[in-house]
Amino acid sequence: MIKKEIIDKMRADFPPESVQVRAVLKRGKEDLTLTGYKPQYIIERMNDIFGHEGWDFEVLKEDVASGVAWVLGRLTVYQIFANEEGKPDINGNIIVRSVMTKKDQFGSSSVGEMGIGDALKGAATNSFEKCASMLDIGHLAYKGLVPAPEKPSKSEDTSPTESIKTNDPTELKKQLRELCTQYNIRKVGLMNLTKTLLKKEIDLTELNDIEDLKKLIKHIEVNKAPF
């Protein structure tokens, strides 16, 4: 049984900067904003509570079908004991690991313009976060209790940033894809941003206007998220 003080640590709030918008869905006349936590904050919480040797995540199954990548992932948490017959940890100490609990969950991500590799990575991240929520880590996001991050108070400057050093649409799309991967922005989130910011319902594969691409890049660099 996990001790209460450990449970309290698992349920502890994350800082505001850990929150990101996953997607904005239409529900009649209203928008439904889906929020979550940036994966690195979940990883750090696992390391803080269980230690770097105290947990593993593995992908049990994976596939891509109908433009969607999915994985079945498993999060395993261990109790660690000092034992001469065990293996050395990262500090050289001899340890033995005993399984405390295992959590399995499916995760998915649209392939779209991001490619199969990034889609599988996104699906694995989604699976990992769901598994962690079964330990109450990041559970508030799945309860719909995490408010969306506030928008910057200053009006957004849509002029190109110093990081934009090309007018080649192919290179701009590559830079945009890299930003989406960095901030875990999925296809739905990018399409919603395109609709909101550019007033266009268009897929990234069809977007070739240089200024439009620069506006999207600038927006994501400033907000670290689609909205």
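Assorted remarks:
- Residues that are without any contact (Cβ under 8 Å) to a residue 24 or more places away in the chain and aromatic (Phe, Trp, Tyr), drawn from the stretch 2-30: none
- Test: Glu58 is under 18 Å from Lys102 (Cβ atoms), in contact with a strand residue (DSSP E or B) (Cβ under 9 Å, 6 or more places away or on another chain) and not in a strand (DSSP E or B): no
- Of all residues in the stretch 200-225 being out of contact with any strand residue (DSSP E or B) (no Cβ under 6 Å at 6 or more places or on another chain) and assigned to a loop (DSSP other than H, G, I, E, B), the one that is modelled with the lowest pLDDT: Lys224
- Residue within the stretch 40-53 that is modelled with pLDDT of 90 or more, within 16 Å of Ala124 (Cα to Cα), among the aliphatic types (A, V, I, L, M) and not in a helix (DSSP H, G or I) present: no
- Per this entry, Asp13 is not counted among residues that are charged (D, E, K, R), part of a helix (DSSP H, G or I) and within 16 Å of Ile137 (Cβ to Cβ).
- Hey, Leu172 farther than 30 Å from Val77 by Cβ, among the aliphatic types (A, V, I, L, M), assigned to a helix (DSSP H, G or I) and at pLDDT below 85 or not: no
Table: residues versus (1) modelled with pLDDT of 80 or more; (2) assigned to a loop (DSSP other than H, G, I, E, B); (3) exposed (fewer than 14 other Cβ atoms within 10 Å of the Cβ).
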residue	(1), (2), (3)
Asp136	yes, yes, no
Gly144	yes, yes, yes
Asp157	no, yes, yes
Thr181	no, no, no
Asn192	no, no, no
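- Residue match in the stretch 114-134 (condition: surrounded by 18 or more Cβ atoms within 10 Å (Cβ to Cβ), modelled with pLDDT under 85 and under 17 Å from the mean Cα position of the chain (by Cα)): yes
The values are calculated or read from the model by the stated rules, or taken from the named source; none is laboratory data. Everything numeric in this text was worked out from a predicted model, so none of it was measured. For neighbour counting, all protein chains shown are included, and Cβ atoms are generated from backbone atoms with ideal geometry for every residue, glycine included.
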